[in-house]
Each structure stands twice: as C-alpha cells, then as structure tokens.
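Student: Supplied in structure tokens, the structure appears directly below.
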Amino acid sequence: MSRCKADVDDPTKVVLGIALATSIYGYASNVMAGSFAQPTFIAKFLPADKAAAYQGALVGIYYGGAFIGSFLQQPISDRYGRRVAMGMGSLIVCISGALCAASYHLPMLLVFRFMTGIGGAMVLTVSPQFIGELSPPHSRGWLVSLNVVGQDLGYVTSAATAFGFSWVTELVQWRLNFILMSIFALFITGLMYFIPESPRWLVQKERYEDALAVLKRVHSHSSDVHFTLAKAEMIQIREQVSLENKLPRGYLHIWRTPALRRRALSTVLVWITAMSTGILVLANYIPILFGGLGYGFRLQLGLSVAWLGAVLFGAISGGIVADSVGRVRLMAGGAYTCAFCLAMEAVVAAKWIPANDIAGLRTGVAFFFLFGFFYNFWMDPSCFVYTSEIWPSHLRTEGVSLAMATYFGATIAWASPASTGFQNIGYKYYLILISVGVVCGTLCLLVLPETKGLSLEEIGELFGEEPVVRLRDMDVDNLDSTLAKTEQTQVVHAEHKV
C-alpha cells in the first residue's frame, strides 16, 4: 500500500497532526520570552546597561532567520512535497535548539537563534497551504485555523515549561527549555512520515492514484459509498492543474499579471494589518510588560502562561466561526478590537502605572488578556486561511512565502525596536500601533473579496479569472465517466508533448 494511504477517514485527524507539527514554531518563538524573565539567563546574557538592546537583537535575529526560511521552503516544498519541507524545518529547529542550549556567549546564541528562525518559518509557511490543500471546501476555514491552534499550543507549552523551570535555581535553568524544544522538534520530524501528502501536489507530480486515494480518505464520509465528493474534486483538481502547468511561474510573473498582483497586494495588506495590531510585540515581551506592571519574575511567567491560554481559547473559538462569519469581516474586526485594547493599555501606562494605582494595574492585566483573546478570535485564523487559499495551486508556495515574508518582515519592524521603544517613549509606542492597525483594518474591509465556501479552484473568480470546472456545475451521476474522460484527454496531451 502506498504510504500516502494513511489510515484516517476524518480530515480533522490528519490536520491535527500537521497542527501539532506547527506547534514547534510557537515553542521556538516563545522560548526566548520566558528566558527574558529567568534570572540565570539575565545574569549570563543581559547586562543591565545593554539589556534592552540585546533583547531586541535576540528577537530580531530570530525573525530575520524566519524571513529567509519563509522563502527557503518554497523550492523544497515544490520539488519534494509538503511533508519533506515541514520535516526538514523541524529538523533544523532540533539541531539549532540543542546548540542554543549549549551556547556560552551571546554571539553563539544569536547565530543559532537565527537558524532556529529559519527552521521554524519553514514549518509555519508550509502548514497553512498543506492543510488548505487537504481540506474540503465547507470546512477549510476551521481546519486551516487549527494551524493557529497548533502555534498557540506551542506558545503555551513553552511558557508553561519556563514557569516550571523558574523553581530550578542551578545555572542550567535557562538551558532546559531549549533542550525540551530540541526533543520536541525531533518528535515532529518523525511524525511527518505518517502524514499523507497533499493531493494537489501529487497531481502536479502526476501521481493520480495516490492523489485520489488521499481525497477518498479525507473528503468522504460513511454515507458517501461512491466517493462522490472525492471524485468530483479529483476531476476539478486535474483539470485546473493541467491548465496551470502551462502557465508561467515566479514572482516576476506574479507582479506582471493583474489578477496575481492583486492577490500579492491583498496578501501583504492582510499581514501588515495583523502584525500592526502588536500581537508579536506582546507575545515576545509579555513577561517584561507584566514586570512593568509591578509583578515579580515568577508571577510574570505564571501570568504569561495564563495569557497564552486565553490566546489558545481565542484561536479555537475563531476557527469555529471562520466558515460562517467570513474571513474579511473577522480580520477587520480584529484590527479594531485590538486597537481598542491597546488604547486602554496606553491609558494604564500613562496614568496609572506612574501613580502605582492597584486597580489601574489590574485593569492593564485584564486588557492584556482581552487583547490576546480578541486577536486570536478575530484575526489570526482568518489571516492564515485567507492568504493560503487565494493563490492558485501552481503559485501557492510563492504566495504563502510572500505572506510569511510579510509576516516576519513586519514583525522585525515592530518587535525588534519594541524593547527600546517602550524604554524611551513608553505608552506612545502603543499609539503608533493603534494608528497603523486601524487604517489597515479599514482597508481590508474595503478592498478584500470574501472567499468563504468556495473551493480553492473557484476562488480565482474573485480576482477576475474563470475556473476550468465548477463543483456546482458537475453531473454527480456521471462522475466516473467524466473522470475517465479527463484521464484520456490528459494522456493524449502527454503523448502530443512527446
């Protein structure tokens, strides 16, 4: 039996495996946030007069590596498949995590944090397109949102272990979380062997039987004894891929083609909007921000775990409604609700922290929690779903690479100077985030087309393209003959090429 014929009948089971793999990115991203609050790490790497600059460097170097990793995955994913690209990324995290744990001075730690960023981004960038290509149209929003749930699970796990290790007093304290990250990444590397490959990638490689087997496994249910949906999708995918294989590829072609250029600009807008909410500023510095509210280091770590729990709950809730509410309204709502929470944080920082007002400080904590929930309910699942599904199959790796490059580029722009920014201008740093986020959220509402309920092949209509085949136009009583006719047509085309 082919390895792609995984013993699963529910697409959620397969997607949960991919989402679990994505958690290695969340773990790798958040491991430094916990370290910033650990006394042994501070003593070794963060001298008081340079702490803010070094914190910014450690955050920025990780996302610099991630920016490169978001592009590096593309040729690997296209040539060897989604599973190999994710497995290679997690293996890089495994090796670099072990070397981070072994670091004995800041330059060594910076180098291997850069490598961790490359590996983590490879996993994160492949995941949403992989899940999207495995998901049936009616539940794609929910299933792709599990990618975000996986990330947040990684964040929570990393924060929880950092909190647990706060009771370790030996010098090895800060190294333990990096060691666990490395072990977890090794497990994820092995997990990739058991995940079925993307049916759309298999069709691109002319592995039609394997592709149909995957579709039958993950797009059918017990009452569909004739695999009606799987066969219909197979016809649509083969026709669409047959057309797309004749089309040019590459970023220059994207920029020169109006429909593709609109996709690219939409992708960039989505992730500039998301990162301008300040989510990764808070995620990377949340223990420090809790410290700014007057809490000790152990309580900082404990509150960080609880905050990330709210984030995880928001991601699950947002994924549930993604297929009913729609992607665009959720993204715009996220920009506005996050801006409101940051405005309240600015008030707390400006008025109540200087006065050491206990009620005000508690209000600040409450709005930190609301911010984390709102971002992950309204925005994060929809952003990943939207920017992976709007691209045609033959350009999906380029499109998702562009999405994640924007994600990491905007993160570098906001998060790297954040520590210095909070130190120098305080609450006014929030005001910058608020202004950009509100403007971008409004643009999303005005210019982005809604994609919910459409198959990946039909979304091109929103950008001025005609699909080769529409699922709603198919004759469900003659799917077998249509599929056979499709195969004969493509065999003739292949013979003409020869």
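Student: Which condition does Met344 not pass, out of (1) hydrophobic (A, V, I, L, M, F, W, C); (2) surrounded by fewer than 24 Cβ atoms within 10 Å (Cβ to Cβ); (3) under 29 Å from Arg140 (Cα atoms); (4) touching a helix residue (DSSP H, G or I) at 6+ places or on another chain (Cβ under 6 Å), if it passes all the others?
Tutor: With respect to (1) hydrophobic (A, V, I, L, M, F, W, C); (2) surrounded by fewer than 24 Cβ atoms within 10 Å (Cβ to Cβ); (3) under 29 Å from Arg140 (Cα atoms); (4) touching a helix residue (DSSP H, G or I) at 6+ places or on another chain (Cβ under 6 Å), Met344 is out only on (3).
Student: Additional query: Using the structure shown, decide if Pro47 is surrounded by fewer than 24 Cβ atoms within 10 Å (Cβ to Cβ) and within 26 Å of Ala315 (Cβ to Cβ).
Tutor: Numbers: surrounded by fewer than 24 Cβ atoms within 10 Å (Cβ to Cβ): yes; within 26 Å of Ala315 (Cβ to Cβ): no.
No; evaluated as a whole, the condition is false for this residue.
Student: Taking the options Ala315, Ala322, Ala350, name whichever one is in contact with a Gly (Cβ under 6 Å, 6 or more places away or on another chain), modelled with pLDDT of 80 or more and either buried (at least 18 other Cβ atoms within 10 Å of the Cβ) or closer than 18 Å to Ala366 by Cα (or both). Don't jump to the end; show me each part of the working.
Tutor: Working: Ala315 fails: in contact with a Gly (Cβ under 6 Å, 6 or more places away or on another chain); Ala350 fails: in contact with a Gly (Cβ under 6 Å, 6 or more places away or on another chain).
Criteria check complete, one pass: Ala322.
Student: Go through (1) at pLDDT 85 or above; (2) more than 18 Å from the chain's Cα centre (by Cα) for Trp378 and report which single condition fails.
Tutor: (2)
Residues are listed down the side, and each one gets a yes or a no for (1) buried (at least 22 other Cβ atoms within 10 Å of the Cβ); (2) of a type outside the set (Phe, Trp, Tyr); (3) under 23 Å from Phe340 (Cα atoms); (4) at pLDDT 85 or above:
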position	(1), (2), (3), (4)
Ser393	no, yes, no, no
Thr397	yes, yes, no, yes
Ser401	yes, yes, no, yes
Tyr407	yes, no, yes, yes
Ala415	yes, yes, yes, no
Gly421	no, yes, yes, no
Gly426	no, yes, yes, no
Leu431	no, yes, yes, yes
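Student: Sticking with this structure for a sec: Name the pairs: first residue in the range 240-260 and closer than 19 Å to Ser455 by Cβ and in contact (Cβ under 8 Å) with a residue 40 or more places away in the chain, second residue of a type in the set (Asp, Glu) and outside any helix (DSSP H, G or I), Cβ to Cβ under 6 Å, at least 6 apart or on different chains?
Tutor: Every condition considered, the pairs that remain are Gln240/Glu457; Ala259/Glu465.
Student: Tally up the residues in the range 166-214 that are farther than 30 Å from Tyr104 by Cα and either out of contact with any Pro (no Cβ under 7 Å at 6 or more places or on another chain) or of a type in the set (Phe, Trp, Tyr) (or both), please. Break it down into steps so the answer makes sense when it comes.
Tutor: Of all residues in the range 166-214, those farther than 30 Å from Tyr104 by Cα come to 191-214.
Next cut, either out of contact with any Pro (no Cβ under 7 Å at 6 or more places or on another chain) or of a type in the set (Phe, Trp, Tyr) (or both) only: 191-210, 212-213.
Looking only at that region, the number is 22.
Student: Can you tell me which residue in the range 134-165 is farthest from Phe36 (Cα to Cα), limited to those that are surrounded by fewer than 24 Cβ atoms within 10 Å (Cβ to Cβ) and in contact with a Pro (Cβ under 8 Å, 6 or more places away or on another chain)?
Tutor: Pro136
Student: Which members of the range 53-103 meet the condition of being more than 16 Å from the chain's Cα centre (by Cα), of a type in the set (Phe, Trp, Tyr) and more than 22 Å from Phe130 (Cβ to Cβ)?
Tutor: The answer is Tyr54, and nothing else.
The values are calculated or read from the model by the stated rules, or taken from the named source; none is laboratory data. Quantities reported herein were computed from a predicted structural model and do not represent experimental measurements. With ideal geometry, Cβ positions are generated from the backbone for all residues, glycine too; neighbour counts draw on all protein chains shown.
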